[in-house]
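J.: Provided herewith is a single structure, encoded as structure tokens, for subsequent inquiry.
The values are calculated or read from the model by the stated rules, or taken from the named source; none is laboratory data. Everything numeric in this text was worked out from a predicted model, so none of it was measured. Quick reminder, even Gly has a Cβ in these numbers, built from the backbone with ideal geometry, and neighbours come from all protein chains shown.
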């Protein structure tokens, strides 16, 4: 079957995943904590699929056409938040290789910008990129957000891009974020959430959703839509807005799917995957299935996943 026909054929894509990876072998990782292994292996894949500048998230292209500028929309929105409140201190949780923090620091040279990440390898690359860019107002700290160290306080803006999907205790994380913000400070997150449990979906869509989650090592499943807003409110923050950006990520998802079909549609290339580290190779699964597991208003109505931007404010004292 031609790639153009296969891209919307969920059953055909699942057959390709099974032939290449073995669905049962992939789903055997359900519930395991594989974050360190996944990111240690996946660096080259992210550089090939996104950029060598450390980008590790989905592009936002609301006009329906993919462009690399879409990767900058998340950090640019943080710059806007900082400008609106006259902020001078910004903290990124789970900064990866520093793509977002660096853009914020470059656009706000008078601000103090801090990026945190669990993995030292990420921070080595992030510091290298910051030095090359001359971003003297940007620093990095190896730290988890579970728990977030007490040394982070009086922040004007805290943000997180596609990292809080790994949170184990969202109430504890929300309380830590609230404690780290100054009164009047803002929190912004971009992430994938689920409208319903994968098991409640039609069989093929259920399988595709579970494979998508597991291949991205969100092995406990994506957090339910609405859960973060409730946790932030319990922590004393006022939720400002939840925005569904699922349509805006579709062009980037389709681009990744095309790359996945190019890599997996030929038996010789599938054979070459066996020589790759397994979690790096499994990025091909999320690439193949990504466009079909997000719910859109006029298509994929049964799908469970959504890409959201959530913002909240700490009430002024």
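J.: Residue 53: closer than 30 Å to residue 124 by Cβ and loosely packed, with under 14 Cβ neighbours inside 10 Å, yes or no?
T.: Spelling it out, it is not the case that residue 53 is closer than 30 Å to residue 124 by Cβ and loosely packed, with under 14 Cβ neighbours inside 10 Å.
J.: Another one. Tell me, which residue of segment 303-317 that is part of a loop (DSSP other than H, G, I, E, B) and modelled with pLDDT of 95 or more is farthest from residue 226 (Cα to Cα)?
T.: Pass one, segment 303-317, residues part of a loop (DSSP other than H, G, I, E, B): 303-304, 314-317.
Those still in the list that are modelled with pLDDT of 95 or more too: 314-315.
Numbers: 314: 18, 315: 20 Å.
Restricting to residues being part of a loop (DSSP other than H, G, I, E, B) and modelled with pLDDT of 95 or more, the top hit is 315.
J.: So, one more: For segment 251-302, which positions are touching a strand residue (DSSP E or B) at 6+ places or on another chain (Cβ under 8 Å) and either assigned to a helix (DSSP H, G or I) or surrounded by fewer than 22 Cβ atoms within 10 Å (Cβ to Cβ) (or both)?
T.: 253, 295, 300, listed by residue number.
J.: A further question on this structure: Can you tell me how many residues in segment 142-167 are touching a residue at least 40 places away in the same chain (Cβ under 8 Å) and exposed (fewer than 15 other Cβ atoms within 10 Å of the Cβ)?
T.: The number of residues fulfilling the criteria is 1.
J.: Something else: State all residues of segment 83-98 that are within 21 Å of residue 308 (Cβ to Cβ) and either crowded, with 20+ Cβ neighbours inside 10 Å or at pLDDT below 95 (or both); if no residue qualifies, say none.
T.: Correct list: 90, 91, 92, 93, 94, 95, 96.
J.: In addition: Kindly list the number of the only condition in (1) outside any helix (DSSP H, G or I); (2) within 21 Å of residue 159 (Cα to Cα); (3) touching a helix residue (DSSP H, G or I) at 6+ places or on another chain (Cβ under 8 Å) that fails for residue 248.
T.: Residue 248 satisfies all of (1) outside any helix (DSSP H, G or I); (2) within 21 Å of residue 159 (Cα to Cα); (3) touching a helix residue (DSSP H, G or I) at 6+ places or on another chain (Cβ under 8 Å) except (1).
J.: Report, by residue number, each residue of segment 27-76 that is touching a residue at least 40 places away in the same chain (Cβ under 8 Å), assigned to a loop (DSSP other than H, G, I, E, B), out of contact with any strand residue (DSSP E or B) (no Cβ under 7 Å at 6 or more places or on another chain) and within 22 Å of residue 164 (Cβ to Cβ).
T.: Matches in segment 27-76: 29, 30, 31, 32, 33, 34, 54, 55, 56, 59, 60.
J.: Which residue pairs have Cβ atoms closer than 7 Å, lie 6 or more positions apart in sequence or on different chains, and pair a first residue in segment 270-286 that is farther than 19 Å from residue 28 by Cα with a second residue that is modelled with pLDDT under 90 and buried (at least 19 other Cβ atoms within 10 Å of the Cβ)?
T.: Here the result reads 270/264, each pair linking segment 270-286 to a residue that is modelled with pLDDT under 90 and buried (at least 19 other Cβ atoms within 10 Å of the Cβ).
J.: Let me ask you something else. Taking segment 24-41 as the region of interest, how many residues are under 17 Å from residue 274 (Cβ atoms) and buried (at least 18 other Cβ atoms within 10 Å of the Cβ)?
T.: Qualifying residue count for the region: 2.
J.: Are there strands (runs of 3 or more DSSP E) fully within segment 117-196 with at least 2 residues that are at pLDDT 95 or above and more than 25 Å from residue 243 (Cβ to Cβ)? List them.
T.: Passing ranges, in order: 138-142.
J.: Next up: If you check residue 244 against the conditions, is it without any contact (Cβ under 8 Å) to a residue 24 or more places away in the chain and within 30 Å of residue 26 (Cα to Cα)?
T.: It is false that residue 244 is without any contact (Cβ under 8 Å) to a residue 24 or more places away in the chain and within 30 Å of residue 26 (Cα to Cα).
J.: Something else: Looking at 170, 177, can you tell me which residue is buried (at least 23 other Cβ atoms within 10 Å of the Cβ), touching a helix residue (DSSP H, G or I) at 6+ places or on another chain (Cβ under 9 Å), in contact (Cβ under 8 Å) with a residue 24 or more places away in the chain and more than 21 Å from residue 283 (Cβ to Cβ)?
T.: Answer to the check: 177.
J.: Exactly one condition in (1) in contact with a helix residue (DSSP H, G or I) (Cβ under 8 Å, 6 or more places away or on another chain); (2) assigned to a helix (DSSP H, G or I); (3) within 30 Å of residue 187 (Cβ to Cβ) is not met by residue 239; state its number.
T.: Condition (2) is where residue 239 drops out.
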